[in-house]
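What follows is a short report on a single structure.
Readers should treat all values here as calculations from the given coordinates under stated rules, not as data from a laboratory. Owing to the predicted nature of the structure, the values given are computational and were not obtained by experimental measurement. A quick note on method: Cβ atoms are made from the backbone with ideal geometry, for glycine too, and the neighbour counts reach across all protein chains shown.
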Ligand code: PMP
């Protein structure tokens with residue numbers, strides 16, 4: 001919230017907040033127009049647990065993705081964005097005294113949501129290993145230490161939150177890494193809340209394995225997704241959960257007794273867009289194929305611009321975020337007297353005020369106990385129009401010239 005405010009005041013180019021500044025696809029906009037002016041009943045309430053055409057389309061898609069037969073009425077629940085899906089899961093599954101394992105860096109709402117449900121978050125960081133050959137780091141170089149992860153599971157562990165592809169790093173967990181998590185979940189009878197909102201944003205042909213498809217995992221996993229990320233329309237706030245009825249029945253209880261459902265017209269338009277994608281599945285015209293292709297080019301452009309000024313980007317395998325190492329700039333950023341503000345916070349504020357470029361400090365994605373170990377990085381969002389990325393490049397090129405002349 002602080003950085004959004006600062007970015008609005010000082011920045012000329014905002015690569016901080018995580019949403020696209022390019023338009024949602026035409027087919028989605030057209031579907032909404034049709035929903036608004038067609039069947040007038042689409043202006044009324046629909047089924048609480050999900051508009052029937054949408055749960056049917058989602059069930060059809062996830063049957064394909066998981067190789068698992070699904071009942072649209074019991075294996076899918078539509079929510080107000082992935083955010084509400086997360087909230088429902090924590091409320092449904094976590095009780096006083098339960099522990100929930102959260103992998104760092106993590107999307108910031110996991111921690112307060114676990115606490116609001118009465119649970120205790122237990123954090124385990126991804127550990128970076130610098131590549132030996134002087135190449136740029138990849139998000140794949142950030143890995144869990146298997147022994148450290150295993151040590152976090154106990155009799156009190158109720159669930160683990162997995163976010164792959166991961167915000168903020170862009171890490172796409174490999175099959176081997178997911179197998180390790182799955183083994184521990186099965187061994188300790190633990191649930192997996194699998195936040196897969198960036199499921200279609202995977203680059204360089206990397207395989208995106210779904211943990212629910214691994215042995216013993218379907219029955220203990222709730223998959224969370226978002227039309228906001230899938231169709232570049234974050235303001236629509238249409239999300240979902242997919243999972244076994246034995247788990248989703250509790251999600252439905254929380255959902256029914258809190259928000260009931262999200263806008264019918266938005267659900268209808270998302271349903272039609274999924275039907276389009278089902279027909280085009282795997283074809284070049286599919287948005288699921290086109291969007292990552294476009295974003296990969298944007299990622300590569302931003303990488304070049306950041307390298308030019310001396311930052312060291314960590315190449316993300318997925319999502320529309322990129323984390324960059326800013327340790328080279330320590331002497332440029334003035335210390336603030338009597339303040340224990342971490343370096344990444346100071347750097348980000350300095351960059352916004354002096355260069356007009358907004359980003360988010362990485363330590364914001366860590367628990368209080370681990371924050372201080374990760375203060376040399378900031379996060380950029382590259383889901384931006386070409387003009388926005390060009391404006392960012394202009395700032396970085398000017399900065400580079402100033403550096404070389406000083
Ligand atoms: N999970 C992650 C990892 C996210 O990055 C976000 C949005 N930034 C959400 C969930 C929330 O998604 P939605 O906008 O659909 O509520």
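Brief remarks follow.
- Each stretch of four or more DSSP H residues adds -39500 (n - 2.57); spread over every residue of the chain, this sum gives -13000 deg cm²/dmol at 222 nm.
- Principal-axis tilt of helix 81-93 within the chain, Cα atoms, nearest 10 degrees: 70 degrees
- Exposure proxy for 73, 137, 41, 351: other Cβ atoms within 10 Å of each Cβ, ordered fewest to most, give 41, 73, 137, 351.
- If you run the Gaussian network model on the chain, springs between alpha carbon atoms under 10 Å, then out of 128, 316, 337 the most flexible one is 337.
- Beta-bridge orientation, the range 26-280: approximately 35 percent antiparallel, per DSSP, counting only bridges with both partners inside.
- Nearest-ten-degree value, helix 287-309 long axis tilted from longest Cα axis of the chain: 20 degrees
- Estimated translational D of the chain in µm²/s (Stokes, Kirkwood radius over Cα pairs; 10 °C; 1.306 mPa s): 72 µm²/s
- Taking other C-beta atoms within 10 angstrom as a stand-in for reagent exposure, 55, 80 fall in the order 80, 55, fewest first.
- With respect to the chain, whose longest principal axis is taken over its alpha-carbon atoms, helix 245-256 is tilted by about 80°.
- Chain lengthening between residue 207 and residue 258 when straightened (0.36 nm per residue, less Cα-Cα): 14.7 nm
- Directionally averaged shadow of the range 320-371, computed from the convex hull of its alpha-carbon atoms, nm²: 4.4 nm²
- Neighbour-count order for 348, 157, fewest beta carbons within 10 angstrom listed first: 157, 348
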